[in-house]
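The values are calculated or read from the model by the stated rules, or taken from the named source; none is laboratory data. Treat the numbers as computed from the prediction; the structure is a model and nothing was measured. Note: ideal-geometry Cβ built from the backbone for every residue, glycine included; neighbour counts use all protein chains shown. Calculation scope for accessible area: heavy atoms of the full protein, side chains included, ligands and nucleic acids excluded. Shrake-Rupley method; radii C 1.70, N 1.55, O 1.52, S 1.80 Å.
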Amino acid sequence: MTAGVREEPREAVRPRTPRRLPLPTLLALLVGFAGVGYRLALLFADVPPTNSDEATMGLAALHIARGDGFPVWFYGQAYMGTLEAYLAAPLVALAGPSVLVLRLPTLALYALFLLLSWRLTRRLGGDRWYALLVVAVLALGADRVVKNQLIAGGGYPELNPAGAALALLTVGLCVTGPGARLPRWAAWGLVSGVLLWVDPLILPYVLTLGALLVAWRRRELAGRAGFVLAGALLLGAAPMLVDSIRHGRNPVAAVLAAGGSGAPVDWADRLHGALVLGPPLAMGFCSPGRCATWQLWWAVVFPVLLVLAALTAWHTLRRASGGPGSVERVPAGVRLALLGGAAGVLAGYAVSNAAGRTPIESSRYLSCLAVAVPALLWPLWQAARRPAARVAGIAAAAVLAGVLGTGAAATVDVIRVAPAVHAEADRHRSLVDTLGALDVRHVRGGYWTCNRLTYATGENVVCAVVDDDLTPGFDRLPAYRREVADDPDAAWVAPAGSPLAARLDERLGTESGALDVVTVAGWRIYLPRR
């Protein structure tokens, strides 16, 4: 009966079946890779278009890479830290100056934001399918959204991952035992300190999440945890604090002055920019450079949803049993803090002149509303998943479908304009090549020309800013103006068809002191007659 049957050795181990990722987790991973891949493709297509502000951060990275300087602030001002320059400096040292190497760290920050948002959604009680929805919403990339995420112009790319990290750390501090919390207290303080140096736009989230910790962990904060958090916060904010003490600068006053500069704007214009245009632009619902009327539907839904989500979180917090660290109270409390932070960001923007004066471009100040997406969409997901409330479920599902559909349409619009943006970048590269062939080392040009040109050439061409009437303009690095002034053969550069080009055309001619012109696609180079 047992003939031909081989006895297995007792120590033999049965092969284990490989553990598979749950389907929604796998889909979230694929959607996340698609979001990162889409943005990487945009970078290779020179989208979003660069500018002299981003080039200013590039010049800071170039100086750090060469050891020529270690700037604390964005050149020409006493606020907005240069973290992006320090992140890009090793790549600039290896590959030389380019927009791509400047943006690779910001792409990595975006990927980190997706990962942290997925994890935060799960920690706040969302199931895997809801986490997939959050990742899908954040993977879409409309015009204003990809500018905020990818342009290394100071502050914006690092705000969202840092805000999500603070929320995750807050969850951990509320649920773990005191002995395991000290590293989290240190991390919370360090991230907060760095954020205060880099850009105070995230401050409402720091305050609301911090208030939650004070309310639930005040006894612990009165002891060793408070010292650890305070020390880490001072360490993160050290560049700002040391520079302020050394030079007598007040970054808070500088930020307030920048937000309220210029003539006061009517409240009607501010509220229109903040409440009507702001939320759709921040959510990624608008086409490049404008918001069509049909894309403004989110302006009506957003405040309603913000209040509804806050009431839902508050109701859950009130009826949940157990202490501050209970399973139900922690997610509800952190969701409420995130929604309070989002409301604070929106209110801060509404009172600024920028909301009324330049609402399309200044909507970048609302970029960190994305941190609150896991809390903001939660009531819609709950309603859509509740079979008993059929009408409410259909309405919630329709809103969620509208979020994905409108965001997808705006993303397609970015892809449509990509060839034109790439062509403009090619024209600028032709300008750089022509200046090199002409052996031009010093030029004068407009603000949006100068630092972009200087960074693209690795400071082989140095540019001093002039206004359209040929008077000196705003140089973020005054040393460039002095260097250009010392060169009697300095040229002029202006975009074709610009007011500056029209003014310089008046100086063309054959007489002594006139200018000669060399035309490049989209640009005009004016050379002094020798």
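Got a sec to turn the phi values of the stretch 236-242 into Karplus ³J(HN,Hα) couplings, 6.51 cos²θ - 1.76 cosθ + 1.60 with θ = phi - 60°, whole Hz, x for Gly and Pro?
Couplings: x, 8, 4, x, 5, 5, 5 Hz.
As a test of understanding, state the convex hull volume per residue of the chain from its alpha carbons, in Å³.
It comes to 234 Å³ per residue, whole-number rounded.
Name the residues whose placed amide hydrogens come within less than 5 Å of the amide hydrogen of Ala464, ignoring near sequence neighbours (fewer than 5 apart) on the same chain.
Placed amide hydrogens put Val443, Arg444, Gly445 under 5 Å from Ala464.
What ranking, highest mean first, results for peptides 83-93, 446-456, 62-72, 153-163 when packing means the other Cβ atoms within 10 Å averaged over each residue?
So the order, starting with the most tightly packed, is 153-163, 446-456, 83-93, 62-72.
Decide, for the stretch 102-142, between rounded, prolate and oblate: order the square roots of the alpha carbon gyration tensor eigenvalues as a ≥ b ≥ c, take rounded if a/c falls under 1.5, and otherwise choose prolate if a/b is larger than b/c, else oblate.
Cα axes put the stretch 102-142 in the oblate bin.
Going by amide H atoms built from the backbone, whose H comes under 5 Å of the H on Tyr79, apart from near neighbours?
Those qualifying (amide H under 5 Å, at least 5 residues apart or on another chain) are Phe74.
Whole-Hz Karplus ³J(HN,Hα) for the stretch 375-380, in order, using 6.51 cos²θ - 1.76 cosθ + 1.60 and θ = phi - 60°, x for Gly and Pro?
7, 5, 8, 4, x, 5
With each run of n ≥ 4 DSSP H residues scored as -39500 (n - 2.57), what mean residue ellipticity at 222 nm is computed for the chain after dividing by its residue count and rounding to the nearest 500 deg cm²/dmol?
The helix-only estimate for the chain comes to -20000 deg cm²/dmol at 222 nm.
With a 1.4 Å probe and all protein chains left in place, how much of the accessible area of the chain comes from carbon and sulfur atoms, in whole percent?
That fraction is 63 percent.
Quick test of your reading: applying the under-4.7 Å Cβ rule, which cysteines of the chain are isolated?
Cysteines of the chain left without a disulfide-compatible partner: Cys174, Cys368.
Under a point spin-label approximation (7 Å from Cα along Cα-to-Cβ), what is the Leu311-Asn51 distance to one decimal in nm?
4.0 nm
With axes computed from alpha carbons, what is the tilt in degrees of helix 128-139 against the longest principal axis of the chain, rounded to the nearest 10 within 0 to 90?
10 degrees
Take Thr25, project a point 7 Å from its Cα along the Cβ direction, then tell me which residues of the stretch 93-126 have their backbone nitrogen under 18 Å from it.
Backbone N within reach: 114-126.
Ignoring ligands, DNA and RNA, what accessible area per residue does the chain give at 1.4 Å, in Å²?
That works out to 46 Å² per residue.
How long are the three semi-axes of the equivalent ellipsoid for the stretch 449-500, computed from the Cα gyration tensor as the root of 5 times each eigenvalue, in whole Å, largest first?
Each semi-axis is the square root of five times an eigenvalue, giving 17, 13, 11 Å.
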